[in-house]
Structures are given as structure tokens and as C-alpha cells.
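The structure appears below as C-alpha cells.
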Amino acid sequence: DTSRHNELMSLEQWRALGEDTSVRSELQEGVLIVSPSPTARHQRAIMRLGVDLHAVLPAECDLIPEVDVVLDYAFPSTARRPDLVLTRRATGPLVARDVVLVVEILSPGTRRVDLVLKRFEYAEAGIANYWIIDLEGTPRLEALTLVDGSYVGDWVSGTHTSDAPFPVTIDLDALA
């Protein structure tokens, strides 16, 4: 029956799928999006960035890799799994209002989604800070801050120093 493949999935149905460590899944407006697990280079960069951020993390925050964040509960729902999430200490499933920063490291198969679609989704959900890291060529970071419903920010390479969401300095070359 091909009609079943055209049905949108609810947030509850998506959550009922459970954990599958062989793939990454996200829910985009009720559509199940599945992609392969990140490469070793991608994971290494996440780990190194996580160590740097954790060293200066405010006590009231948690830094969590690859955790589901519900951006929109309304059907058809959207839930994303950023590479890193900085959140106020929250219990239960994460929702956008608990998130202070999301970080995405670009991959060849998700570049456009991370640069365009997720930028829009995270802004619409009210997430104050979105960092996009590009490891191709010279490592660089686009540190975006939500201003009047849209993200503003510039690409930097070398060293990124910022006070948002808290004081931090990141050596981008060390991530690669």
C-alpha cells in the first residue's frame, strides 16, 4: 500500500521509533529524515568543541551532543538533532525555549539544510544563538545571534572570541 508512505508522522510516532545508533533521524514537518551517522572527522570536531565549551560553561547550563530538540509541537511537528546543544538545565525532552545555542558542523549531504532550512527553523523557534562550522578548507565558524527574528553574524576563521552566549574563545584550526 503506497498511500502509507505518504502519511505524515506525529511527534509521538517519531519518538516511538526509539534509538537507532546506525542512523540519525529528524522529523521535518512530519516527514522522517534519515541520514548516515557523521564521519570520524565530524565527530572529532564535535568532541573538541565540546571540551572547549565545557571548560567555560556556566553552572546553570548543560552541553549535550546529538540530542533531539522539539522546534514545533504543532502537527506536522519538527524535531532536529543538532551536533551540540547548550541548554539551561532542563528535565524531560528538550524544547526550543530551553536551548541557548545550537551548533551544526556542515557535512556534504546536509550543507544546504544546515545553512538555509535549519537557520530558518532555529530562528523561527526562537533559539538565540546558532553556530555553523565548516571544516572544508580552512575551518571557519559562522556565529549567528537572533535579532528581531532573524540571525545576524559573520564567518570567522582562526580564532573565534565571543561573549554570546557566554565568554568563550575557540581555536577553529584545532577542531579539524
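The values are calculated or read from the model by the stated rules, or taken from the named source; none is laboratory data. Everything numeric here is computed off the predicted structure, so don't read it as measured data. With ideal geometry, Cβ positions are generated from the backbone for all residues, glycine too; neighbour counts draw on all protein chains shown. Remember, those area values only see protein heavy atoms, side chains included, never the ligands or the DNA or RNA. Shrake-Rupley method; radii C 1.70, N 1.55, O 1.52, S 1.80 Å.
Inspection of region 58-73 identifies at least one residue that is open to solvent by less than 60 Å² (accessible area, probe 1.4 Å), touching a residue at least 40 places away in the same chain (Cβ under 8 Å), on the phi > 0 side of the Ramachandran plot and touching a strand residue (DSSP E or B) at 6+ places or on another chain (Cβ under 8 Å). Which of the residues that make up region 102-116 are surrounded by fewer than 23 Cβ atoms within 10 Å (Cβ to Cβ) and in contact (Cβ under 8 Å) with a residue 60 or more places away in the chain? Answer for region 102-116, where residues must be surrounded by fewer than 23 Cβ atoms within 10 Å (Cβ to Cβ) and in contact (Cβ under 8 Å) with a residue 60 or more places away in the chain: 107, 109, 110. For residue 130, state whether it is part of a helix (DSSP H, G or I), among the hydroxyl-bearing types (Ser, Thr, Tyr) and surrounded by 17 or more Cβ atoms within 10 Å (Cβ to Cβ). Criteria not met by residue 130.
Regarding region 149-168, can at least one residue be identified that is exposed (fewer than 15 other Cβ atoms within 10 Å of the Cβ), over 23 Å from residue 121 (Cα atoms) and touching a residue at least 60 places away in the same chain (Cβ under 8 Å)? Yes, there is a match, as at least one residue in region 149-168 is exposed (fewer than 15 other Cβ atoms within 10 Å of the Cβ), over 23 Å from residue 121 (Cα atoms) and touching a residue at least 60 places away in the same chain (Cβ under 8 Å).
If you go through region 77-91 one residue at a time, do you hit one that is open to solvent by less than 20 Å² (accessible area, probe 1.4 Å), of a type in the set (S, T, N, Q) and part of a strand (DSSP E or B)? Yes, there is a match, as at least one residue in region 77-91 is open to solvent by less than 20 Å² (accessible area, probe 1.4 Å), of a type in the set (S, T, N, Q) and part of a strand (DSSP E or B). Scanning region 122-176 for residues that are within 17 Å of the chain's Cα centre (by Cα), within 23 Å of residue 38 (Cβ to Cβ) and of a type in the set (Gly, Ala, Ser) yields 125, 143.
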